[in-house]
Each structure stands twice: as C-alpha cells, then as structure tokens.
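Student: Below: one structure in structure tokens.
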Amino acid sequence: MINVTDISLVKKYRYLLQFSEDDFRDKVVRPLFLRLGFKRGDECCGIHEEGKDCFFVETNKLLDRTIYAVQTKKGNLKKTKEATKNVVEATTQLKTALATKIVILPSKEKVLPDYVILCASGEINKTAKDFICEQVSDQRIKFYDRDDLIPLIDQYYKELWLGIDADKMPYLRKFKEYLSQFNENSIVSDLIPTDSKLTVVTNERYVPLKVCFTQEFKRKYKGQIISEPKIHEIPAESLLKRNGAKFLILGEAGTGKSTILKRLSYVLCEQPIESGSSLIIPILLRTIDIIDNSQSLLDICYEAVQRISSLDKACFTSEDLAKGNVIILIDALDEEEKAEKIRQLIMKIEDFASSYPLCKIIITSRNYAYIKNLAELSLYEELRMSSFSLAQAKKIAERLIKGRSLPKEFTQEILRKLQDVHGLDLNPLLVTVFVATSEYSRKDIPANITELFKKFTEMMLGRWDSNKGINQQFHSNVKDFLLRKLAFQMHDKKEVSINEEDCINVFATELRKRGQKETDVDRLIHETLYRSGLFRCVEGRVEFRHLLIQEFFAGRGIPCSDIIPMKIKDPWWKRALVFYFGEHPSDNLALEKVIKESSFIDPFEQFQAAITVGLSLQACYLMETVDKKPLFEWVIVNLSSVNEDVICNDENLKKRFPLMLFIQYYLFGRDSVASDLIKEYISDISSNLLNNNILSNDRIKFWLIVGLIESGNLEEAEEYLKDFHPEDKRLLLALHLGCFLIDKLKIFSKEKQNIAGRICNKLADQIAPLRQQVIDEFRTELLEVRKDKLIALEHKAEKDIES
C-alpha cells in the first residue's frame with residue numbers, strides 16, 4: 001500500500017513547488033477535484049483566460065447545481081508591508097473570474113460562478129488572504145494552499161506522491177535479474193545442465209511465441225461475394241505496440257501464456273536508459289495476488305514493484321500512469337474457479353482502468369467455460385495462443401540440449417511423437433519437460449502423459465539433494481505420496497492455493513500417521529515444500545507452480561476408483577482423471593465400473609462423461625484390445641446419442657445459431673475419439689454399432705471418421721469418406737474443419753497435410769452454403785461458452801465482433 005505517512009511533509013512541500021503553473025493545474029488540481037467527485041467543466045485557459053484556469057460542476061441530490069471556477073498559482077502568495085506582484089496578479093484574476101459568466105455546454109447557458117477558488121502550490125499567508133478579500137470584497141472566494149491540499153491528496157490522490165524520488169532504473173535492473181535467473185520462472189529449464197544459467201525468457205533462450213485473432217474477409221466464390229473468417233498471427237511481443245489497452249490471451253495448459261507475460265516484461269526491462277521519462281514500467285501479477293487482496297490494484301502494483309526493487313520508493317509516477325507508461329500483466333485468471341470472485345477482480349481492474357485508460361492491461365487464462373462466461377471481459381480484445389509448430393519445438397529442444405549428449409538426429413522424430421502423447425497437445429511445457437528428462441533414459445517417449453510427468457516430478461523431488469550432495473535424503477516416493485494427498489484435497493475443493501500453515505499440517509499429519517520421527521517430519525516437509533521446485537510460496541499461500549502439475553498429482557491421488565463415476569461428469573476433473581488412468585493403464589475394471597454405475601441427470605453430463613472416458617481410454621496403453629473395444633464403442637454411442645442441444649438450453653438460440661452450436665459440439669467431442677485403436681478395428685466397431693437401429697448411422701459413421709482424422713489416419717479417413725453421404729451436411733462441415741486444421745495449423749507430415757487438403761477440396765462444394773451460414777451467424781451475434789454451454793451475448797460493436 002502507498003503509505004503517505006512515510007513521506008515527510010517537507011518532501012511534499014518541495015514536490016508541489018516543482019510543478020509549473022500549468023502542470024500544477026493539470027497534474028495536481030484537476031485530478032484531485034475529479035477524485036473529490038466534481039464533474040469537469042469546460043476549460044477556459046490561455047489568451048481568453050478571463051481570470052480562471054478551469055471550472056467544475058457539483059450537483060446535489062436535489063439537482064441543485066454549484067459551479068466552482070478555479071484559479072491556480074505556482075509558489076507562495078505572501079504579503080508583508082506591500083503586496084507582491086504574485087498577490088496583485090491573483091487579485092486581478094479573481095475579480096475577473098467572479099464577474100465573468102461561464103458558458104455551460106451543451107445548453108450554452110451563461111452563468112456566473114457560485115464560488116471562485118484560488119489554489120496555490122505553496123503557502124498563502126493570512127496577510128495575503130486578508131488583502132485579497134479586502135480588494136475583491138466578495139464572499140464567494142475560497143483559498144486552498146499547500147496545507148489545505150496535502151491532506152486531500154493524501155486521502156483521494158495519494159498516487160501523486162509516487163513522483164517523489166521515483167527511480168525507474170533500479171526496478172528495471174532488478175526485475176530483469178529476477179526474470180533471468182533460476183527462480184519461479186524456471187520451473188523446468190533449470191534442470192538443463194548448461195553453462196549459461198538463463199531462463200527461457202532471455203534473448204539467448206527465448207523461442208518466439210505467437211498469438212492469433214480472427215477477422216472477416218470477403219472473396220468471390222462462384223460469382224457471389226462471400227465472407228469468411230481469416231486467422232491472423234502476430235508475434236506476442238508486438239502486443240507492446242498494438243493499438244488498444246485491454247487484451248485477453250487464451251490458451252491451453254503449457255502453451256506459453258505465462259512465458260509471454262514474462263517475455264514482455266523482460267523486453268521492457270531492456271529499454272535503453274536514454275528513454276528517460278518515457279520508459280514503460282511492466283508490473284507482473286498473478287491472479288492469486290489480487291483475488292483476495294482488499295487493496296486497490298494501484299496499491300497492489302506499488303507493493304509488487306517494492307518487493308522487486310527492495311526500495312521504499314516508487315518507480316513510476318502519477319504522470320506515468322496518466323500517459324500509459326505502466327503496463328499491468330496479470331497471469332492465470334483461470335486459477336480462480338469461482339466466477340463471482342473473478343468478476344470482483346475484473347471490477348478492481350476496471351476501477352484502475354477508468355482512472356488510467358492509457359495503461360495497457362494484458363490478462364492470460366486457459367480457455368475455460370467459466371472464464372468465457374464473464375461478460376465483464378467483453379471489452380478485452382481476445383487473442384489465442386497460436387498452435388505450436390514443429391519448428392518452434394525444435395528450437396526449444398536445440399537450445400535446451402545445447403552442450404548435452406542427446407543426439408540431434410533423435411530430436412525431430414521424438415518431437416513428432418510427442419504431439420501424439422495422450423491428453424495434451426504439443427506445447428512448450430511438454431517439449432521442455434521431455435528434454436529435461438530425456439537424458440535420464442534413452443528409451444522412447446513415455447507411453448502417456450502421466451509417465452512423462454512422473455519422470456519430471458521424480459527429478460524435481462530428488463534433484464536438489466543429489467545436486468548438493470546432501471546425505472540422508474528422503475526417497476522421492478514419500479514426497480510423491482504427500483503431494484498426491486495434498487493435491488487431491490485441493491482439487492476436490494476446487495482450490496488452486498492453500499494456506500501455508502494448512503499445507504504443512506497436511507504433510508505433518510500424514511507423516512506422523514506413518515510413524516516418522518519429528519526431526520524427519522520437519523526435514524521432509526522442508527524438502528518437499530521449499531526445495532522441490534514444484535510449489536510457489538507467496539505471502540503465506542502455497543500453490544503448485546502450474547495447474548497441470550496439481551492435476552497430475554490430484555489424479556494420481558484419487559484414493560479409490562469408487563469415486564470416479566461421480567467425478568467423470570465434471571469438466572474440472574477431466575485432465576486429472578486422464579492422469580489417474582495413466583497411472584493405472586491396465587485398469588479396465590475402473591472404466592467398466594464408470595459405464596455401469598454412472599447415472600446422468602441430463603445429456604450434458606452424458607456428453608462430458610463420454611469425453612473424459614475417451615481421453616482416459618487413450619491413456620490406458622496397457623489395457624488389452626479386447627477390453628478397449630467395448631469401452632471405445634461406449635464413447636462413440638454416447639457421443640452419437642446426444643446432439644448439439646447438450647451445450648445449449650435456450651430454444652431461441654438453437655433456432656438462430658444451429659451451425660455454431662453444432663461446431664462447438666464437434667470441437668468439444670473430437671479429442672475423445674482420437675485413438676489409434678480405430679485404424680485397425682474400424683470395421684468391427686462400425687459393424688457392431690451400425691446394427692443398433694436406435695442410433696443414427698450417420699452420427700456413428702461421423703464420429704468414427706472424426707476419430708480417424710484426429711488420430712492422424714488420414715488415408716483411411718479419405719477412403720471411408722467415399723461411402724459417407726449423410727443427409728445432415730453439417731457432419732461434412734465438421735470433417736472439413738478438422739482437415740483444414742491439420743492442413744494449415746497442426747504438426748503433421750507433408751504427406752498427411754496433402755491428404756487433409758485433398759479432403760477439404762472434395763468437401764468444399766457440398767458445404768459451401770453452410771460455410772456462408774457460419775459467417776452469417778458469426779456476424780449476427782457473439783456467442784460465449786458458459787459452463788460448457790453456449791449462450792448469446794448482447795449485441796456488440798462490429799469491431800468487437802470481428803476481433
């Protein structure tokens with residue numbers, strides 16, 4: 001918090017005196033009066049000043065209007081034996097102001113001011129006040145000098161004092177050092193033994209990341225002008241110069257959202273000192289830093305820069321705030337699960353933004369339903385993390401393995417296989433984890449994402465002691481057990497942080513139950529909590545450094561399979577359950593129990609369960625094929641048994657946006673059928689399912705083809721499409737979209753991309769009317785996902801819709 005009592009009165013006096021008369025009016029008096037609740041009047045300055053610098057209007061509850069004309073003066077106004085030139089000039093200006101009518105717009109009414117206030121940046125002594133009152137002889141005069149203004153500034157405009165002794169360079173140097181060194185920003189890369197101890201946001205290690213947005217463009221198709229969406233990619237660093245002040249970056253786990261914010265901060269920390277007062281100050285915050293903090297965002301920012309700089313003074317001024325020379329970067333909005341708390345946080349941000357509209361605010365979040373639910377974010381330009389390319393993955397790997405024995409020829413093929421790791425797309429976190437662990441074993445990549453993260457966390461839990469050579473280290477399995485217990489408790493409560501004392505109590509209780517000595521308990525807690533590198537501990541709160549890591553331990557911490565039928569319907573548990581079945585890759589009985597015991601209140605729960613079962617089944621690499629087939633068939637049946645109605649309850653919306661709803665239905669379900677099982681057994685599976693007359697044969701065939709496409713079996717998909725002629729052409733539209741993404745965005749071999757492009761061309765004529773309908777629906781009204789369902793938002797400006 002900005003503590004005004006820590007700044008001496010003498011410093012405040014001196015600070016006010018350094019302003020020119022114009023700056024005193026514009027940077028002190030005017031903002032203060034606005035903070036006091038006055039409304040800004042029309043300015044009357046310069047050659048037509050007529051005795052007043054500006055005026056303000058106040059309206060009471062009875063709608064009575066009071067007009068205050070304000071005249072500002074630099075320095076002291078004192079009279080001893082004779083009136084000084086400054087006092088005489090002020091007297092003349094006050095007389096003129098009292099006698100001059102003010103034009104009130106838009107009515108153009110001319111009225112005299114009710115009061116004229118003389119504000120001075122120095123002292124107005126009693127003799128000067130008496131002289132002015134005697135000369136003017138009007139009761140409407142009020143005086144405010146430094147001693148009157150300072151208490152008001154302390155209460156209503158305390159950020160003005162940030163300019164006292166403000167020094168930007170110490171903060172920028174310390175912040176750059178903080179971002180460069182191995183701390184919480186280097187969750188994985190500090191495991192890479194290299195000579196250059198630098199994090200992935202530094203110039204030496206950073207691999208450029210991109211974000212994308214969608215705009216419409218028009219083109220001619222068969223003699224008609226049609227509109228189509230076009231995806232634009234821009235370098236993440238270009239956000240610093242992009243027009244606009246509010247940005248929301250959405251992306252899945254591990255795609256580099258946090259890295260982007262840290263990279264933007266790093267770039268700003270490297271601004272040349274010659275920039276002087278125009279230096280932009282980056283302030284990096286976590287959602288958890290703000291969400292339960294009762295202070296204003298400005299106070300939170302002030303404390304954040306003080307923590308970094310270790311100085312008891314600010315590094316930015318009120319002028320920096322007014323000019324937009326401060327950028328607020330807020331990470332991980334999704335780590336707060338309660339929408340109401342997020343709304344409160346956004347309102348706190350909006351309070352700051354309304355006072356300082358030129359300051360950029362960039363927020364990151366996973367693309368979760370309860371985030372998309374928030375209409376309060378509609379003012380933010382939405383950007384999405386671009387798909388991670390093979391070229392980017394290779395750059396990360398090459399920079400991380402520099403100086404290591406991992407063969408370069410091994411890298412490209414491994415990265416191709418990495419994108420097929422079940423449950424997670426290829427992204428920077430996955431690549432870095434793999435490279436960090438690959439030297440420990442020269443085997444192929446782990447069979448699933450759980451095995452990959454297990455290798456990583458085993459390193460994290462044991463690496464500190466082994467690197468430091470400490471004896472009597474505890475086995476990492478004990479620490480792993482504690483983390484599973486803690487993560488399950490947190491995830492079950494849908495929490496992403498825990499009080500540090502409560503965390504220690506959880507660990508201590510579990511260890512004492514198992515007969516650990518008290519000295520061993522303290523040591524083990526310290527090694528697990530503070531040395532493992534898996535936690536972030538800030539101001540008495542503890543959280544896993546990445547939600548994905550919490551999900552990893554929570555899934556593996558599920559005490560028994562009996563609770564899975566209840567969790568399988570909840571999207572919050574989806575990835576954690578994938579980790580659970582990755583830990584139990586042969587447990588067909590647990591999945592069979594889910595199928596037998598799960599009861600669904602509505603089709604939405606049925607749809608969510610089918611998605612999670614499908615993803616979990618992909619993680620079960622040791623399950624026998626004979627057990628997998630009926631489970632996979634269950635997924636296909638349940639996806640086919642529901643339709644796009646599962647993501648929308650609004651009948652009016654269903655009529656107005658049928659294609660948008662159907663596309664969301666397809667996008668939600670497609671990953672759940674991306675199984676290699678389908679390539680070999682599609683004939684058997686389709687034969688079993690198509691004999692069921694209750695279900696739509698077209699829907700079953702559709703999801704089977706989706707499975708072929710998403711699992712990369714494009715040749716088989718192309719062959720199967722030859723006999724697929726559905727009445728519902730929306731099915732073909734979704735297949736076209738899937739192939740389009742492979743052809744243009746996903747990491748596939750050139751051969752497979754060519755096949756995907758060929759499929760798109762074959763389907764183009766059949767879906768042409770639907771493509772235009774999608775564009776029309778897109779233009780009509782903006783839809784948002786709320787709790788995995790679609791709703792329509794109120795009409796927005798065309799610019800907002802296009803972005």
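The values are calculated or read from the model by the stated rules, or taken from the named source; none is laboratory data. None of the values given here were measured: they were computed from a predicted structure. Glycine also receives a Cβ, built like all others from the backbone with ideal geometry; neighbour counts cover every protein chain displayed. Side chains included, ligands, DNA and RNA excluded: accessible areas come from the protein's heavy atoms. Shrake-Rupley method; radii C 1.70, N 1.55, O 1.52, S 1.80 Å.
Student: Scan ASP167, ASP138, ASP147, ASP114 and give me the residue that is under 18 Å from ASN76 (Cβ atoms) and open to solvent by 40 Å² or more (accessible area, probe 1.4 Å). Reasoning before the result, please.
Tutor: Numbers: ASP167 fails: under 18 Å from ASN76 (Cβ atoms); ASP138 fails: under 18 Å from ASN76 (Cβ atoms); ASP114 fails: under 18 Å from ASN76 (Cβ atoms).
Going through ASP167, ASP138, ASP147, ASP114 in turn, the sole match is ASP147.
Student: When only residues in segment 93-111 that are loosely packed, with under 14 Cβ neighbours inside 10 Å and not small (Gly, Ala, Ser) count, which is nearest to ASP64 (Cα to Cα)?
Tutor: Among residues in segment 93-111 that are loosely packed, with under 14 Cβ neighbours inside 10 Å and not small (Gly, Ala, Ser), the one nearest to ASP64 (Cα to Cα) is VAL111.
Student: Please specify each residue of segment 222-273 satisfying the condition of being of a type outside the set (Lys, Arg), under 28 Å from LYS168 (Cβ atoms) and in a strand (DSSP E or B).
Tutor: Answer for segment 222-273, where residues must be of a type outside the set (Lys, Arg), under 28 Å from LYS168 (Cβ atoms) and in a strand (DSSP E or B): ILE234, PRO235, PHE247, LEU248, ILE249.
Student: For residues that are in a helix (DSSP H, G or I) and modelled with pLDDT under 80, scanning just segment 484-520, find the one that is surrounded by the most Cβ atoms within 10 Å (Cβ to Cβ). Before the answer, list the steps.
Tutor: In the first step, residues of segment 484-520 are kept if they are in a helix (DSSP H, G or I); the result is 484-492, 500-513, 518-520.
If we keep only those that are modelled with pLDDT under 80 as well, we get 518-520.
Values: GLU518: 10, THR519: 8, ASP520: 14.
Applying the filter and picking the extreme gives ASP520.
Student: Can you pull out every residue in segment 95-124 that is modelled with pLDDT of 85 or more and among the acidic types (Asp, Glu)?
Tutor: Hits for segment 95-124 are ASP114, GLU123.
Student: Restricting the search to segment 354-370, which residues are under 24 Å from GLU237 (Cα atoms) and either at pLDDT 90 or above or open to solvent by less than 20 Å² (accessible area, probe 1.4 Å) (or both)?
Tutor: TYR356, PRO357, LEU358, CYS359, LYS360, ILE361, ILE362, ILE363, THR364, SER365, ARG366
Student: Does TYR157 satisfy the criteria of being open to solvent by less than 40 Å² (accessible area, probe 1.4 Å) and over 22 Å from LEU34 (Cα atoms)? Steps first, please.
Tutor: Numbers: open to solvent by less than 40 Å² (accessible area, probe 1.4 Å): yes; over 22 Å from LEU34 (Cα atoms): no.
No: the conditions fail for TYR157.
Student: Has segment 230-252 got any residue that is at pLDDT below 80 and either among the hydroxyl-bearing types (Ser, Thr, Tyr) or touching a Pro at 6+ places or on another chain (Cβ under 8 Å) (or both)?
Tutor: Within segment 230-252, not a single residue is at pLDDT below 80 and either among the hydroxyl-bearing types (Ser, Thr, Tyr) or touching a Pro at 6+ places or on another chain (Cβ under 8 Å) (or both).
Student: Using the structure shown, decide if GLU633 is modelled with pLDDT under 90 and over 32 Å from the mean Cα position of the chain (by Cα).
Tutor: Working: modelled with pLDDT under 90: no; over 32 Å from the mean Cα position of the chain (by Cα): yes.
No: the conditions fail for GLU633.
Student: Residue pairs, Cβ under 8 Å, 6 or more apart or interchain, first in segment 213-231 and under 20 Å from LEU741 (Cα atoms), second among the small types (Gly, Ala, Ser). List them.
Tutor: PHE213/SER803; THR214/SER803; GLN215/SER803; GLU216/SER227; PHE217/SER227
Student: Based on what the data block shows, is ASN754 surrounded by fewer than 14 Cβ atoms within 10 Å (Cβ to Cβ) and over 16 Å from ILE678 (Cβ atoms)?
Tutor: Numbers: surrounded by fewer than 14 Cβ atoms within 10 Å (Cβ to Cβ): yes; over 16 Å from ILE678 (Cβ atoms): yes.
Yes: the conditions hold for ASN754.
Student: Failed condition for PHE131, given (1) closer than 21 Å to LEU36 by Cβ; (2) crowded, with 16+ Cβ neighbours inside 10 Å, with all others met?
Tutor: In the conditions (1) closer than 21 Å to LEU36 by Cβ; (2) crowded, with 16+ Cβ neighbours inside 10 Å, PHE131 misses (1) alone.
Student: Select from segment 159-196 the residues that are among the polar types (S, T, N, Q) and not in a helix (DSSP H, G or I) and write down the one among them that is modelled with the highest pLDDT.
Tutor: First, the residues of segment 159-196 that are among the polar types (S, T, N, Q): 180-181, 183, 185-186, 189, 194, 196.
Still in the running and not in a helix (DSSP H, G or I): 181, 183, 185-186, 194, 196.
On the way: GLN181: 74, ASN183: 48, ASN185: 39, SER186: 46, THR194: 47, SER196: 49.
Among them, the one singled out is GLN181.
Student: Could you tell me which residue of segment 726-751 is farthest from the chain's Cα centre (by Cα), considering only residues that are open to solvent by 30 Å² or more (accessible area, probe 1.4 Å) and farther than 27 Å from PHE388 by Cβ?
Tutor: The qualifying residue farthest from the chain's Cα centre (by Cα) is GLU727.
Student: For segment 296-318, name all the residues that are in contact (Cβ under 8 Å) with a residue 24 or more places away in the chain and touching a strand residue (DSSP E or B) at 6+ places or on another chain (Cβ under 8 Å).
Tutor: Looking only at segment 296-318, we keep the residues that are in contact (Cβ under 8 Å) with a residue 24 or more places away in the chain, and these are 296-299, 301-303, 305, 308-318.
Selection gives LEU297, CYS301, VAL305, CYS315, PHE316.
Student: Are any residues in segment 198-220 modelled with pLDDT under 80, exposed (fewer than 14 other Cβ atoms within 10 Å of the Cβ) and not polar (S, T, N, Q), and if so, which ones?
Tutor: Answer for segment 198-220, where residues must be modelled with pLDDT under 80, exposed (fewer than 14 other Cβ atoms within 10 Å of the Cβ) and not polar (S, T, N, Q): PHE217, LYS218, ARG219, LYS220.
Student: Of all the residues that make up segment 665-694, how many are basic (Lys, Arg) and either open to solvent by less than 70 Å² (accessible area, probe 1.4 Å) or closer than 18 Å to ASN367 by Cβ (or both)?
Tutor: Within segment 665-694, the first condition is being basic (Lys, Arg), and the residues that meet it are 670, 679.
When the remaining residues are screened for being either open to solvent by less than 70 Å² (accessible area, probe 1.4 Å) or closer than 18 Å to ASN367 by Cβ (or both), the result is 670.
Adding up the residues that qualify gives 1.
Student: Further question on the same structure: Can you tell me which of (1) in contact with a strand residue (DSSP E or B) (Cβ under 7 Å, 6 or more places away or on another chain); (2) crowded, with 22+ Cβ neighbours inside 10 Å; (3) among the hydrophobic types (A, V, I, L, M, F, W, C) is the one LEU268 doesn't meet?
Tutor: Single failed check for LEU268: (2).
Student: Only one of these is touching a His at 6+ places or on another chain (Cβ under 8 Å) and either modelled with pLDDT under 55 or farther than 19 Å from SER711 by Cβ (or both): LEU379, LEU429. Name it. Give the steps one after another, and end with the answer.
Tutor: On the way: LEU379 fails: touching a His at 6+ places or on another chain (Cβ under 8 Å).
Checking each option against the conditions leaves just LEU429.
Student: Which condition number in (1) touching a helix residue (DSSP H, G or I) at 6+ places or on another chain (Cβ under 8 Å); (2) open to solvent by 40 Å² or more (accessible area, probe 1.4 Å); (3) closer than 22 Å to GLU583 by Cα is the one that ARG656 fails?
Tutor: With (1) touching a helix residue (DSSP H, G or I) at 6+ places or on another chain (Cβ under 8 Å); (2) open to solvent by 40 Å² or more (accessible area, probe 1.4 Å); (3) closer than 22 Å to GLU583 by Cα applied to ARG656, the lone miss is (3).
Student: Hey, among GLU597, GLU624, which residue is more than 14 Å from VAL673 (Cβ to Cβ) and at pLDDT below 90? Please lay out each step first, then the result.
Tutor: On the way: GLU624 fails: at pLDDT below 90.
GLU597 is the lone residue from the list that is more than 14 Å from VAL673 (Cβ to Cβ) and at pLDDT below 90.
Okay, residues lined up against (1) touching a residue at least 40 places away in the same chain (Cβ under 8 Å); (2) over 25 Å from the mean Cα position of the chain (by Cα):
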| site | (1), (2) |
| --- | --- |
| ASN477 | no, yes |
| PHE481 | no, yes |
| LYS485 | yes, yes |
| MET490 | yes, no |
| GLU495 | yes, no |
| ILE498 | yes, no |
| GLU510 | no, yes |
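Student: Then there is this: Among the numbered criteria (1) of a type in the set (Asp, Glu); (2) modelled with pLDDT of 90 or more; (3) under 47 Å from the mean Cα position of the chain (by Cα), which one does ASP64 miss?
Tutor: If we test ASP64 against (1) of a type in the set (Asp, Glu); (2) modelled with pLDDT of 90 or more; (3) under 47 Å from the mean Cα position of the chain (by Cα), just (2) comes out false.
Student: Counting just the residues of segment 298-353 that are hydroxyl-bearing (Ser, Thr, Tyr) and buried (at least 16 other Cβ atoms within 10 Å of the Cβ), which one comes out nearest to LYS262 (Cα to Cα)? Outline the logic, then answer.
Tutor: At the first step, the residues of segment 298-353 found to be hydroxyl-bearing (Ser, Thr, Tyr) are 302, 309-310, 317-318.
The next check asks that each one be buried (at least 16 other Cβ atoms within 10 Å of the Cβ); those that pass are 302, 309, 317-318.
Working: TYR302: 18, SER309: 17, THR317: 23, SER318: 24 Å.
Among residues in segment 298-353 that are hydroxyl-bearing (Ser, Thr, Tyr) and buried (at least 16 other Cβ atoms within 10 Å of the Cβ), the one nearest to LYS262 (Cα to Cα) is SER309.
Student: Sticking with this one: PHE662 passes all but one of (1) under 24 Å from ASN697 (Cα atoms); (2) in contact (Cβ under 8 Å) with a residue 24 or more places away in the chain; (3) open to solvent by 20 Å² or more (accessible area, probe 1.4 Å); (4) touching a helix residue (DSSP H, G or I) at 6+ places or on another chain (Cβ under 8 Å); which number fails?
Tutor: (3)
Student: Residues LYS574, LYS596: which one is surrounded by fewer than 24 Cβ atoms within 10 Å (Cβ to Cβ) and either of a type in the set (Asp, Glu) or touching a helix residue (DSSP H, G or I) at 6+ places or on another chain (Cβ under 7 Å) (or both)? Before you say what the answer is, go through the steps one by one.
Tutor: On the way: LYS596 fails: either of a type in the set (Asp, Glu) or touching a helix residue (DSSP H, G or I) at 6+ places or on another chain (Cβ under 7 Å) (or both).
None of the other options fit; the residue is LYS574.
Student: So is ASN643 in contact with a strand residue (DSSP E or B) (Cβ under 8 Å, 6 or more places away or on another chain), at pLDDT below 90 and open to solvent by 40 Å² or more (accessible area, probe 1.4 Å) or not?
Tutor: Numbers: in contact with a strand residue (DSSP E or B) (Cβ under 8 Å, 6 or more places away or on another chain): no; at pLDDT below 90: yes; open to solvent by 40 Å² or more (accessible area, probe 1.4 Å): yes.
Criteria not met by ASN643.
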